[in-house]
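Everything below concerns the one structure shown next.
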C-alpha cells in the first residue's frame, strides 16, 4: 500500500573517515542538509555517537539548532537520541525548546544506543539499554503531554517534574523509535504508538523481514490500545545514483569498501560477509544505479513490506563530494516525483495534449495565418510547415 505522498529524507549518522579534518566534516554535514532543503527533501535525521572516531556528532540537537537557521522547509529529527545516556527530563526539555526554535519543524527519534563503545565508556551494561529506552520514552511522552511526573528507578528520579514549556506542535512533535535487528525497537514503538525508523532495511535479509517487523509493531500496539500508521514507518537504506548503473558503482566502490572494512569490520568487529558491491546492489541492500533503478527498487520495497511512508537515504561519503550532491539531485528530480503524486499529473497532461494536438493547436495556426493575410503579408513558410506537420 503506497502512501499518496511518500516522504524522502536523509539519515545522517554521520560517517566520516578517520584522518579527515573533523571541523570540515561537521561543516559538510550542515551543508548537506542545506542542499536537501533546497532540493525539496522532507526530512533530515541526525545521529548521536560518542566514540570509535567515525560518527562525529555527539549531540544531534546542537546540529539541528544550527541547521534550522540555515534552512526553510525541511523537518529536522534526532536520529537518534540514545535515551539510556540521558535523564528523560533533559531530553524532553531540550526537544521542546527546539520545537519552538524551529517553529514546529523538529522530530524526536529515540533509540537504546547502537554503538557498544559508547555504553562501554559510560559503564552502562548493554543488557539494560533496551529496557531503559522503553522506560525513558514512557516518561518523556508523559512530560510532553503536560503531566506532572513522580518517578523513581535505579537510574533516574523525577519529583513533581513538569515542563515549563508545552511543545510548539500539539500534542507534541512526531516521535519515532529506531529498529535495527532485534524486535525491541518496534515493540517499544507499538507500545507508545510511535513511528518506526527501520535501520535494518538495508541489511542482508532485511527486506524479507519487513512484514514481520511491521506485524510485531501492530500486534504490540493493539495490546496497548494504540494504533500504528504505515505513513510513520521510514526505511533507511544506502543509495547512490548516477547517469548509468556502471557509473554509480564506479563512484562508490572504493568508499563503500572503506566504510565497510575500516569501520564496520576492523573497528566494530562485524564479520566480513564476502558479498560484493554488485551482489549488494542486486539484492537491494543498497540502491546503486540510475533513477529508474531506484524507482524499481523502491516499488519492490513497497511490495515486500506491504507499504511504508518514507525513504531515508543513509548519508555516506562513498563517492566524492560532487558525485554525492549530484546523486541527491537525481533523486529529487526523477525519483521523488514518482512517489509524491506529481509525475502522473504531468504525464497525463502531456498525453492529452499529444493525443489531441490536431483539435487543440490547428485552430491557433489558422488564426496566425489569417493575421498575416489580414495584414497583406505572405504567410511564413515556417508557419505553413508547422501546420503541415500538425496534420501528420
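Numbers at a glance
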read-out: Over region 7-343, relative contact order from alpha-carbon pairs under 8 Å, at least 6 apart, %; value: 17 percent
read-out: Angle in degrees between helix 206-223 and the longest Cα principal axis of the chain, rounded to the nearest 10; value: 60 degrees
read-out: Read-out Rg and Dmax of the Cα atoms in Å, derived from the coordinates shown; its label in [x] 25.4, 96; [y] 19.1, 59; [z] 20.4, 61; value: [x]
read-out: Cα gyration tensor, region 55-124 - rounded (a/c under 1.5), prolate or oblate; value: prolate
read-out: Listed residues 325, 165, 36, most fluctuating in the chain (Gaussian network, C-alpha, under 10 Å); value: 165
read-out: Among 319, 332, 367, residue whose mean-square fluctuation peaks in a GNM of the chain (springs only between Cα atoms under 10 Å); value: 367
read-out: Fewest-first sequence of 305, 198, 116 by Cβ atoms within 10 Å of each Cβ; value: 116, 305, 198
read-out: Cα centroid of region 161-218 to Cα centroid of region 126-145, whole Å; value: 13 Å
read-out: With Cα atoms, 0 to 90° folded angle of helix 88-101 axis to the chain main axis; value: 30 degrees
read-out: Tilt relative to the chain, helix 321-330 - C-alpha long axis, 0 to 90 degrees, to 10; value: 60 degrees
read-out: Computed P(r) (all Cα pairs; region 255-392; 10 Å bins; percent); value: 9, 24, 21, 14, 13, 10, 7, 2, 0
read-out: Whole-angstrom gap from region 7-44 to region 226-301, using each part's C-alpha centre; value: 17 Å
read-out: The chain - share of DSSP beta bridges that are antiparallel (%, nearest 5); value: 10 percent
read-out: Listed residues 293, 125, 37, most fluctuating in the chain (Gaussian network, C-alpha, under 10 Å); value: 125
read-out: Within the chain, helix-based [θ] at 222 nm, where runs of 4 or more DSSP H residues each add -39,500 (n - 2.57), nearest 500; value: -14500 deg cm²/dmol
read-out: Overall form of region 128-265 per C-alpha gyration tensor (a/c, 1.5; a/b vs b/c); value: prolate
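No lab work stands behind these numbers, since they all come straight from the coordinates. The structure presented is a predicted model; accordingly, all values stated were derived computationally and were not measured. Reconstructed Cβ throughout: ideal geometry from the backbone, glycine too, with neighbour counts over all protein chains shown.
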